[in-house]
Amino acid sequence: MPQETATVPVDPAVHIERYASHVSLSWTAGSVGRFVETVRSVSADAPAVVDATNAAGRRQVELTDIDTTTGATTYVRAEPERPWTVAWERRSTPVVTLTGTPTVTTTRRVHTGTTDCEGWSRSRRARLARLLNTV
């Protein structure tokens, strides 16, 4: 169970669950192609785990090898050499989950890269910073 839950009211909202050692942030997102492009801009060499309807089981692939055009990809988790991982999952509305101890900058970059959010106000960045710095 999380120690605390909170929301940062950006569009779309970032939902946060705080645990003793890490946070889990989630929000509704855009396409898998947009997700892959964003992850490559943050950590180009991150290995990825993929699940797709056209292959049995999850498999590890390079970000550049992920099928972003046919709709077969249902799940992608990027595991960069950083204190966080990030995943995209196709649901009725796709969801991105950022887990670990990401920075405010990383969170904002991944959020704005995977959504149509136009930016974060200073007060919302400060709220996120308070929530991330209490882990």
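The values are calculated or read from the model by the stated rules, or taken from the named source; none is laboratory data. Computed from a predicted model, the values in this text were never measured in an experiment. FYI the Cβ positions are ideal-geometry reconstructions off the backbone, even for glycines, and counts take in every protein chain you see. Ligands, DNA and RNA are stripped out before the accessible areas are found, and what is left, the full protein with its side chains, is counted by its heavy atoms. Shrake-Rupley method; radii C 1.70, N 1.55, O 1.52, S 1.80 Å.
A cut-off of 5 Å between modelled amide H atoms, ignoring neighbours fewer than 5 places along the same chain, links Tyr75 with Asp51, Arg90.
Express the accessible area of segment 32-115 per residue in Å², computed with a 1.4 Å probe while the remaining protein chains stay in the model. Per-residue accessible area for segment 32-115 comes out at 49 Å². Backbone geometry of segment 94-104 corresponds, through the Karplus equation with coefficients 6.51, -1.76 and 1.60 at θ = phi - 60°, to 3J(HN,Hα) couplings of x, 10, 10, 10, 10, 10, x, 10, x, 7, 4 Hz, x marking Gly and Pro. Once the C-beta distance of Ala129 and Thr53 is scaled by a Förster radius of 41 Å, the resulting FRET efficiency is 0.55 to the nearest 0.05. Just want to confirm a number: the relative contact order over segment 6-135, from Cα pairs under 8 angstrom separated by 6+ residues, in percent. Once divided by the residue count of segment 6-135, the mean separation gives 29 percent.
Taking 25 °C and 0.890 mPa s as conditions, the chain diffuses translationally at an estimated 163 µm²/s according to Stokes-Einstein applied to its Kirkwood radius (Cα pairs).
Computed on the Cα trace of segment 31-95, the radius of gyration divided by the Kirkwood hydrodynamic radius gives Rg/Rh = 0.93. Please give the helix 32-42 orientation as an angle from the longest Cα principal axis of the chain, in degrees from 0 to 90, rounded to the nearest 10. Roughly 60 degrees, rounded to the nearest 10. Axis angle, to the nearest 10 degrees, between helix 122-132 and the longest C-alpha principal axis of the chain: 80 degrees. Taking Cβ atoms as reference points and 9 Å as the exclusive limit, the residues near Ser24 contribute a net charge of 0, counting Lys and Arg as +1 and Asp and Glu as -1. Each of the peptides 66-73, 3-10 was scored by the mean count of other Cβ atoms within 10 Å over its residues; in descending order, highest first, they stand as 66-73, 3-10. In units of the rule-of-thumb radius 2.2 N^0.38 Å, segment 63-131 shows an alpha carbon radius of gyration of 1.24. For the charge dipole of the chain, defined by +1 on Lys and Arg C-beta atoms and -1 on Asp and Glu C-beta atoms about the Cα centroid, which residue among Pro9, Val49, Val96 has the Cα displaced farthest towards the positive pole? Towards the positive end, the residue furthest out is Pro9. In this simple spin-label approximation, Thr101 and Cys117 carry label points 7 Å from Cα along the Cα→Cβ vector, and these lie 2.2 nm apart.
Counting charges near Ala46 (Lys, Arg +1; Asp, Glu -1) among other residues having Cβ under 11 Å from its Cβ returns a value of -1. For segment 46-61, putting each phi into the Karplus relation 6.51 cos²θ - 1.76 cosθ + 1.60 with θ = phi - 60° gives couplings of 5, x, 10, 10, 10, 10, 9, 6, 9, 8, 7, x, 7, 9, 8, 9 Hz, in residue order, rounded to whole numbers and with x for Gly and Pro. Counted by Cβ distance under 15 Å from Ile66, the other residues give a net charge of -2, where Lys and Arg count +1 and Asp and Glu count -1.
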